[in-house]
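The values are calculated or read from the model by the stated rules, or taken from the named source; none is laboratory data. Just so you know, these numbers come straight off a predicted model, no measurement behind them. Using ideal geometry, Cβ is built from the backbone for each residue, glycine included, and neighbour counts are taken over all protein chains shown. When the accessible area is computed, the model is the full protein with side chains, heavy atoms only, and any ligands, DNA or RNA have been set aside. Shrake-Rupley method; radii C 1.70, N 1.55, O 1.52, S 1.80 Å.
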Amino acid sequence: QVRLVESGGGSVQPGGSLRLSCAASESIGSIDAMAWYRQAPGKERELVATISSRGFTNYADSVKDRFIISRDNAKNTLYLQMDSLKPEDTAVYYCNAGIIGPDGSYYYNHYWGQGTQVTVSF
């Protein structure tokens, strides 16, 4: 099982930016797909963005045109560039290594890292 360590979170004002990183314990080039999830207090964990082994990306409607997911296979690292942050983006962000099924949906692995906190407020 791949081990994932998230980092890069912090506190910013609305409209600010953050770049999250997820370091993997093995070559992510061998992983079918990766994703970012987030979970706010009292809410269910939600899928934010996915990226396939070929670099195909998909985003939740709430973050489209604001977030960019990318992967650097040489560094075994997944990234999430977060721009134009809003208070509703406040959550703990987790990365995940999973698969994209024949229907195009992302299927997550139940092994999670510790996550990284993102707080957007004045």
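Of the residues that make up region 73-83, is at least one touching a Phe, Trp or Tyr at 6+ places or on another chain (Cβ under 9 Å), part of a loop (DSSP other than H, G, I, E, B) and open to solvent by less than 80 Å² (accessible area, probe 1.4 Å)?
Yes, that holds for at least one residue.
Within region 84-122, track down each residue that is among the aromatic types (F, W, Y), closer than 17 Å to V5 by Cβ and assigned to a strand (DSSP E or B).
Scanning region 84-122 gives Y93, Y94.
Which residue pairs have Cβ atoms under 7 Å apart, sit 6 or more places apart or on different chains, and have a first residue in region 15-35 that is within 21 Å of T119 (Cα to Cα) and acidic (D, E) and a second that is modelled with pLDDT of 95 or more and assigned to a strand (DSSP E or B)?
none
Evaluate the following for G98: is it open to solvent by less than 50 Å² (accessible area, probe 1.4 Å), under 15 Å from the mean Cα position of the chain (by Cα) and modelled with pLDDT under 95?
yes
Among (1) open to solvent by less than 50 Å² (accessible area, probe 1.4 Å); (2) under 15 Å from the mean Cα position of the chain (by Cα), where does G29 come up short?
Tallying (1) open to solvent by less than 50 Å² (accessible area, probe 1.4 Å); (2) under 15 Å from the mean Cα position of the chain (by Cα), G29 fails exactly one: (2).
In region 43-72, what count of residues is obtained for those that are outside any strand (DSSP E or B), in contact with a strand residue (DSSP E or B) (Cβ under 6 Å, 6 or more places away or on another chain) and either touching a residue at least 40 places away in the same chain (Cβ under 8 Å) or of a type in the set (D, E, K, R) (or both)?
Residues meeting the conditions: 1.
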